[in-house]
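Read through the structure below, which is laid out as structure tokens, and then see the notes.
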Ligand code: IPM
Ligand code: MG
């Protein structure tokens, strides 16, 4: 049987730096756990624009459709801020999500004990936090038509459309309920049913799907209240299901609870392929961080944890994913810190590569 295939799209800014550490981890699993992957690499975002004039070529798109999983670093940067909207780096990422039909975006927010002091919230509010946001990723206002900027009565008008079909809401809801069944069987659905018809439909459909998951305790919350509750008492949540735009915002909010945006992985999953694996792309929640790119300061943990999610969700290697997560927990407990994790007491931060070194050493020690 051939090895499972991975397409690495490191992208822009700190993307390539953090991805270099993931490549070392992939090599480790080949050498020490006899888990081999066929790895190919390509360009996305500004890096693709620089070479090809588009943020994702058709060839790269086709490759992404064929592999077992895509690993993405980050896209964007100030050099591309003034590009035409249609070729901005972000369009490459959105095209991947849309054309691979990756409708279920899993964004876990977990607070590692060693980092509870780094949260902007009080330690007892975040210690032990473990929540999962399931964000609908292929529809809503990100893709709805009509959209654009046009002239009406001599005035420019900007339009975006929040549009959801019941089928789109339903398939994401099923992913969220399934996730809740594997966790603490609590699901909170967030929308704005008080002001948006799409929110009313959202609430109705999620309630209908609930009939198939009677063991799950379902609650509904307006998304603005959800944002407040996330910073007031985040541990009340287990799984949150929300739309594309609210999910974007709420997941950044949840990320900060854990101490640093440099810690959070994500998985974007679609329907099963012929081999039974879901279409999948894994990426850190953080962006390209142009302010620190090229300086070996970036924290590679979010990207490495994204690979752990790939092991779990694409390759059925839950135990190996846990091994990798435990190695990271261990190095953090031992005091390993990149710059983003330095407390007021200071100290000398590890470089991106040094963080990779200590994680690899912890993996060796786990054998
Ligand atoms: C995210 C990012 C993206 C989004 C951008 C880069 C297009 O913020 O993955 O959260 O808005 O979805
Ligand atoms: Mg975002």
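Each listed q (0.11, 0.12, 0.20, 0.24 Å⁻¹) maps to a log10 I(q)/I(0) for region 237-331, found by the Debye formula over equal Cα scatterers with no solvent: -0.38, -0.45, -1.14, -1.34. If you take every DSSP beta bridge fully contained in the chain, what fraction is antiparallel? Give it as a percent rounded to 5. If we restrict to bridges inside the chain, about 45 percent are antiparallel. Here, region 126-169 has an Rg and a Dmax of 17.0, 55 Å when only alpha carbons are counted. Bridges between two residues of region 126-236, per DSSP, are antiparallel at a rate of about 45%.
The alpha-carbon atoms of region 1-93 define a convex hull whose volume equals 81 cubic angstrom per residue. Any idea how far the Cα center of region 272-336 sits from the one of region 179-253, in Å? Going from one Cα centre to the other spans 25 Å. Can you give me the Rg/Rh ratio for the chain, using Cα atoms for both radii and the Kirkwood formula for Rh? Using Cα coordinates only, the ratio equals 0.96.
Taking every DSSP beta bridge that has both ends in region 1-152, the antiparallel portion is near 40%.
Does region 76-217 classify as rounded, prolate or oblate by the C-alpha gyration tensor (a ≥ b ≥ c root eigenvalues; a/c under 1.5 gives rounded; else a/b over b/c gives prolate, otherwise oblate)? Oblate. Residue exposure proxy: 117, 34, 291, ordered by other Cβ atoms within 10 angstrom of their Cβ from fewest to most, comes out as 34, 291, 117. Projected onto its three principal axes, the C-alpha set of region 282-367 covers 38, 28, 19 Å, listed from the longest axis down. Derived value for region 207-273: Kirkwood hydrodynamic radius 13.8 Å. Basis is the mean of 1/r over every pair of different alpha-carbon atoms.
Where a number appears in this text, it was derived from the coordinates with a stated rule and is not lab data. Note that this is a predicted model, so its numbers are computed, not measured. Positions of Cβ are backbone-derived with ideal geometry, glycine not excepted, and every protein chain shown enters the neighbour counts.
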